[in-house]
1. Tell me, what HN-Hα J-couplings in whole Hz come from the Karplus equation 6.51 cos²θ - 1.76 cosθ + 1.60 at θ = phi - 60° for each residue of region A:269-278, using x for Gly and Pro?
2. Starting from region B:199-287, pick out the trypsin sites (Lys or Arg not before Pro) whose DSSP state is loop and whose Cβ has at most 16 other Cβ atoms within 10 Å.
3. Suppose every Lys and Arg Cβ carries +1 and every Asp and Glu Cβ carries -1, with no other charges. What dipole size does region A:50-352 come out with about its Cα centre, to the nearest 20 debye?
4. Given the options A:HIS106, A:HIS275, A:HIS201, which has the most mean-square fluctuation in a GNM of chain A, springs set between C-alpha atoms less than 10 angstrom apart?
5. With a ≥ b ≥ c the root eigenvalues of the C-alpha gyration tensor of region A:206-355, is it rounded (a/c under 1.5), prolate (a/b larger than b/c) or oblate?
6. Once the dipole of the protein assembly as shown is set up with Lys and Arg at +1 and Asp and Glu at -1 on Cβ about the Cα centre, which of A:VAL155, A:ASN277, A:PHE242 lies farthest towards its positive end?
7. Given chain B, what percent of its DSSP beta bridges are antiparallel, to the nearest 5?
8. Relative to the first principal axis of the alpha-carbon coordinates of chain B, what is the inclination of helix B:392-401, with its axis defined by its Cα atoms, in degrees from 0 to 90 and to the nearest 10?
Amino acid sequence: MEAQDHIMDVVESETESRIPSHAPQQAPAGNTHGELPNSDQDASSSSKAIPPTNYKLRYTLAGHTMSISALKFSPDGLTLASAAADKVIKFWSAETGEYLRTFKGHSEGISDIAWSNDGEYIASASDDKTVKIWNLELVEAVKTLVGHTSFVFCVNYSPHSNLLVSGGFDETVRVWDIATGKCMRVIPAHSDPVTAAGFSHDGTLVVSSAMDGLVRIWDIDSGQCLKTLVDDDNPVCSHVKFTPNSRFVLISTQDSTIRLWNYLTSRCVKTYTGHANRTYCIPACFTNTQHKRIVSGSEDSKIYIWDLQTREVLQVLEGHRDVVLAVETHPTRDIIASASMEKDLTIRLWVNQDG
Amino acid sequence: MNRSLLSKDNFALPTDVKTSLIDHASYAKFDNSGRYIAAGRLDGTASIWDLETRSIVRNLDAHVKAVTSMDWSRNSRYVLTSSKDWNVIIWDLCSTCEPIQRHTTIRFDAPVVSASFHPRNSNIVLVLLNTGDAYVVDLRKEHRSRVELVDEMEDGHTDKSRSAMTVARFDTSGKHIFIGTSMGCVLVFNSRTKTLVGRHKIAGAGIMRGFDFAKGGRRLVTNSADRTLRQFTLPIYPPPSSQSVLETELEPQYRFSDHVNRTAWHAMSYSPDGDFLAGGVADTATHKIYIYDITRDGQLITTLDGGRELLIYLHWHPSLPIIASTTNVGNILIWHCRIPERWGAFAGGFEEVDENVEYQEREDEFDIEDEADVYTRKMKAEEQEVDIDGDAEVDEEKSILTSASIVVASDARDEDTVWADEEPDDDSDTGGCRLKIIIVDEDYL
């Protein structure tokens with residue numbers, strides 16, 4: 001805290017440079033990415049100046065009894081849902097941090113959750129080989145999607161929320177009709193467990209990643225594979241998602257690297273490094289604020305925030321005492337939620353003070 | 001989005017039946033987004049199909065006699081059904097009632113042949129009765145009215161005994177109403193003033209049976225009792241203030257007819273860009289669709305054969321080479337262009353080529369480069385800014401979808417447009433009103 005006050009003092013004397021200058025100082029000393037070029041602060045390039053990131057811990061939420069695997073904000077940003085290996089989904093107020101309720105029903109741990117776009121339903125993927133759809137109002141599971149022959153690892157809604165895509169350890173990607181709960185399509189997508197699957201913003205494409213190191217893009221209408229993205233070293237892919245405009249995909253791999261790929265040209269356009277990711281499937285996400293950043297958890301118990309364009313680490317959030325397995329950004333405000341594994345079991349909400 | 005990854009030349013014309021929706025439909029029409037199909041039945045019920053899940057998402061149940069036509073508002077919030085039970089019903093698909101309740105009922109004193117929304121405002125409805133009369137019903141508070149469209153002859157008296165109205169359609173901008181008559185005439189009314197601005201005698205056509213407009217708005221195709229489709233390029237009509245009526249004999253640009261069997265046409269529909277015309281034949285043995293290429297002198301490009309169930313209606317998807325054709329037993333066939341599986345897509349960095357290519361190796365292709373150099377070059381390349389939010393391509397796609405409304409937007413200050421935009425309906429494209437997903441109870445099935 002003292003160090004922080006000191007920085008603020010310095011800032012007052014040179015207001016022009018205050019914005020980017022203090023951000024890297026919050027990074028640990030050993031982090032070489034912390035050096036932001038001073039030339040960026042010149043008035044001539046002020047339009048390119050990187051706005052400040054000064055995320056501070058707002059709330060610490062405790063309640064889960066086993067590793068927390070997924071965090072998702074509701075579409076209106078009022079509620080945070082968390083899923084864990086303790087087989088339950090918990091809901092928290094994103095505003096006050098208050099505990100709201102728990103959904104119980106799965107017989108095994110939950111790996112992933114997803115909100116429908118109207119915020120009335122939440123889907124959960126579990127090791128009991130099912131996906132359940134829960135109605136928030138009725139506080140019960142309204143559909144159980146049965147079909148996967150092994151653990152279900154990831155789940156996502158289509159933009160119209162009439163379809164659901166799930167992937168799991170049976171190496172398939174499945175597309176479900178929500179209204180009837182029937183499986184519409186089984187895609188034998190990969191030759192290793194599927195770690196992530198998600199729709200493009202217009203609902204015509206699905207991207208999937210797997211432990212075989214491949215990322216594939218599928219045409220939802222025909223079920224055909226349209227593209228395969230693979231890196232030279234073929235590291236295990238732990239997560240993939242489309243950018244908001246669906247022109248790129250953000251791929252996290254277990255060589256401690258996050259890459260942004262242009263899938264049309266099959267080219268990696270940005271690389272983000274600095275964090276540690278060799279064992280777990282840690283997702284990365286974009287901030288939804290005006291200035292775009294990339295946020296990811298890390299196996300060194302920290303959360304890393306990169307600038308989308310410059311690829312520099314803007315801030316490292318410390319506080320968790322175990323691997324940060326889940327991170328999520330708020331849909332409208334500059335808030336990050338993070339959660340950690342066994343030794344910690346807390347959910348933390350971080351708010352950008354300068355945002 | 002997926003179009004950027006699929007090769008372009010595959011997007012030509014429908015070739016195969018992709019799926020057939022089992023319904024008892026006699027009428028099936030796409031909405032403006034192409035996501036839904038509205039299907040009407042002879043028993044008076046109607047359904048909304050979601051093409052993504054290929055299942056019925058709403059049942060519209062109110063008519064007691066056959067549904068004769070259906071129409072979508074521009075952003076698919078409202079659907080109207082017209083029926084032989086003398087009613088036109090407007091449904092609000094965003095209503096949360098289950099089962100869905102009627103939004104508005106418009107009652108007439110004769111069976112309704114067809115009804116359609118004004119393209120800009122779903123509170124204005126054009127209705128045609130089987131007595132041969134057409135009405136414009138305005139449901140807006142300020143304009144509330146029901147006006148009959150009358151062809152006043154020069155000498156002042158109306159001449160209804162001579163010709164009945166058999167077709168009534170708004171053009172794509174909604175500025176004009178096109179009426180086909182039993183005497184083979186096309187009458188053009190101004191939608192706002194309901195006055196006659198054009199009258200065309202189509203030589204040899206006989207009773208008019210149907211109209212379709214290409215999205216650009218200048219092309220009209222007519223179906224008539226002489227079993228011929230005629231395509232016209234429409235003239236510019238005088239504004240109603242000039243009191244003049246454009247009286248010309250339109251000469252068709254192309255005529256399409258079956259020269260061998262002389263079979264009649266049941267329905268026709270333009271492709272999204274207006275370059276192709278699909279005609280559904282009233283054949284008594286097979287389900288046949290002929291597709292003509294307008295850009296190449298109207299020559300026959302392809303014939304689609306849909307088996308033994310006879311065709312009764314067809315409609316082209318608003319943006320893709322997909323056709324929905326309804327059969328006489330009530331199934332809806334969805335025709336699409338089959339894209340062959342590209343197995344090369346399963347391999348990373350692999351590109352299929354159509355023909356063998358002699359590979360030219362670059363001079364330095366296999367030189368061993370300094371890793372540091374490679375790294376610097378990569379970092380340099382990564383400095384280029386990326387745009388993950390905005391998207392030119394999406395805007396482009398959007399413009400294809402809404403090209404009809406863009407044509408209209410160009411004359412936004414036009415008197416007729418202003419009139420139609422007064423008291424707009426709540427059917428905005430940005431408003432969060434979407435068709436809610438109703439989860440079907442398993443016991444219910």
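1. 9, 8, 10, 10, 9, x, 8, 10, 8, 10
2. For trypsin sites (Lys or Arg not before Pro) across region B:199-287 that sit outside H, G, I, E and B with at most 16 neighbouring Cβ atoms in 10 Å, the list reads B:ARG218, B:ARG262.
3. About 380 debye.
4. Result: A:HIS201 has the largest fluctuation of those listed.
5. Taking the square roots of the gyration eigenvalues as a ≥ b ≥ c, region A:206-355 is prolate.
6. A:VAL155
7. Bridges in chain B that DSSP calls antiparallel: roughly 95 percent.
8. In chain B, helix B:392-401 runs at an angle near 20 degrees to the longest axis.
Here, each number is a calculation from the coordinates, and none is a lab measurement. Everything numeric here is computed off the predicted structure, so don't read it as measured data. Here Cβ is always computed from backbone atoms with ideal geometry, including for glycine, and neighbour counts include all displayed protein chains.
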